[in-house]
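J.: Before I ask anything, here is the structure I am working with.
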Amino acid sequence: MPGTRDYLVIGAIAALVTFAVTPLVTRLAKRMGWVVAPDERRVHKVVTPDVGGIAMFIGFFVAFVVARLWSVFDPLFARNSEPKGILLAAALMFAVGFIDDVREISAPAKVAGTVLVGAVLVYFGVTMFWFRVPFIDVYILSDQLQPLVTVLWLLGMTNAINLIDGLDGLAAGIVAIASGAFFLYSQRLADPAIGILSQPNLGPMVAILTVGICLGFLPHNFNPARIFMGDGGALLLGLLMAVSTSVVGGRADPNTQAFVGQTYFFLAPLFIPLVILGVPILDTLFAIIRRTAKRQGVAAADKGHLHHRLMEMGHGMRRSVLILWGWTALLSAFVLYPVFTGSGVSYIPIGGLMLMLALFTVLHPEIRRRSRQT
């Protein structure tokens with residue numbers, strides 16, 4: 001099976017290709033008019049291309065093909081229909097988002113497209129096998145339930161990433177951190193000494209490719225952004241996160257007793273992404289509640305997201321993004337700590353860092369200055 005170094009090489013290829021192609025996509029977008037202008041619900045001040053998902057998909061595709069041609073990855077591809085399903089699903093998911101970026105399609109149409117992508121994943125076998133209900137039991141998914149669970153998981157992930165994409169570099173940074181953490185998690189589960197995740201499993205490769213395209217895109221997308229990922233990029237990232245988490249969390253051995261004392265970590269391996277992706281998932285829930293209370297559609301745009309609220313407090317765009325990156329990193333560290341240390345006792349360092357970040361968020365000098373002025 002591929003080693004960590006092999007995965008890192010593939011991730012680096014995805015990053016380099018995405019980084020190199022993004023300026024070309026920027027010029028193409030300006031020529032084709034694939035741009036968004038500032039308005040009352042956007043925070044950017046200049047006309048900006050919003051089809052960065054093109055570069056991200058190219059980076060993913062090239063690195064995926066390199067992995068297919070590299071003999072060390074043969075165990076993942078040989079006699080396995082899942083790689084074809086992942087590649088086709090990624091292309092379709094990107095296409096749905098790209099069409100919305102350049103022509104604007106309705107929310108029901110995007111949902112229908114996502115359901116179609118979920119059907120592709122199911123057809124090629126990219127599904128969960130089981131999941132645990134906390135404190136109850138482990139449930140094996142029947143052939144009838146697999147399509148439903150796959151589609152619902154895909155809808156949840158794509159909407160979470162799409163909703164968090166509101167500030168320069170925010171979504172790309174959060175997904176890079178989350179996918180990096182999940183890559184480490186899945187590699188640990190696949191360790192032969194632990195034997196929790198049976199091989200071959202495409203989850204680690206998809207996770208590291210996700211990290212790569214995000215890191216390659218970030219230099220062009222961080223404030224001041226020269227290009228946005230658009231729905232094409234956001235939906236692609238959601239799809240890749242959905243795939244990596246489902247084939248790891250939904251296939252980890254449900255009968256293992258490894259890591260005694262860390263039962264919470266294996267109580268619901270399928271739901272670990274909810275912790276690692278804590279910031280965008282929380283933001284999604286808040287957005288749904290907020291828009292329902294206002295009798296708005298769930299897909300309606302507003303300035304009530306967590307990142308917008310941080311800016312209203314007085315944090316600038318860059319600092320707001322860095323704060324949310326920090327929370328994602330700390331949540332990831334909280335989940336990964338017991339896996340690599342074998343101990344669930346010493347959470348003092350992580351708890352201390354969380355307290356420091358919370359105090360920084362609410363007591364920053366700029367916040368106090370603004371409070372005195374009001």
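Readers should treat all values here as calculations from the given coordinates under stated rules, not as data from a laboratory. From a predicted model like this one, the values you see are computed outputs, not experimental measurements. Positions of Cβ are generated from backbone atoms using ideal geometry, with glycine treated the same way; all protein chains shown enter the neighbour counts.
J.: What nm value, rounded to one decimal, do you get for the distance between residue 130 and residue 198 when each label is placed 7 Å out toward the C-beta?
T.: In this crude spin-label approximation the distance works out to 1.0 nm.
J.: Starting from the Cα-Cα distance between residue 142 and residue 88, subtract it from 0.36 nm times their residue separation and give me the gain in nm to one decimal.
T.: 17.0 nm
J.: For the range 184-195, in order, what is each residue's ³J(HN,Hα) by Karplus, 6.51 cos²θ - 1.76 cosθ + 1.60 with θ = phi - 60°, in whole Hz (x at glycine and Pro)?
T.: Ordered by residue, 3J(HN,Hα) equals 4, 4, 5, 5, 5, 5, 7, 4, x, 5, 9, x Hz.
J.: What is the calculated FRET efficiency for residue 105 to residue 68, with r their C-beta to C-beta distance and R₀ = 45 Å, to the nearest 0.05?
T.: According to the calculation, E is roughly 0.90.
J.: Now, a different point. Sort 69-81, 50-62, 23-35 for me by packing, meaning the mean count of neighbouring Cβ atoms within 10 Å per residue, highest on top.
T.: Answer by packing, highest mean first, reads 50-62, 23-35, 69-81.
J.: Here's something else I'd like to know. Quick one: 139, 123, 185, 7, fewest Cβ neighbours within 10 Å first, how do they rank?
T.: Numbers: 139 12, 123 15, 185 28, 7 23.
Listing 139, 123, 185, 7 from fewest to most nearby Cβ atoms yields 139, 123, 7, 185.
J.: How many angstrom separate the Cα center of the range 170-238 from the Cα center of the range 66-105?
T.: Taking the Cα centre of each part, the range 170-238 and the range 66-105 sit 14 Å apart.
J.: For an R0 of 41 angstrom, estimate the FRET efficiency from the Cβ-Cβ distance between residue 16 and residue 45 and round to the nearest 0.05. Numbers along the way, then the final one.
T.: Details: r = 30 Å, r/R0 = 0.74.
Plugging the Cβ-Cβ distance into 1/(1 + (r/R0)^6) gives 0.85.
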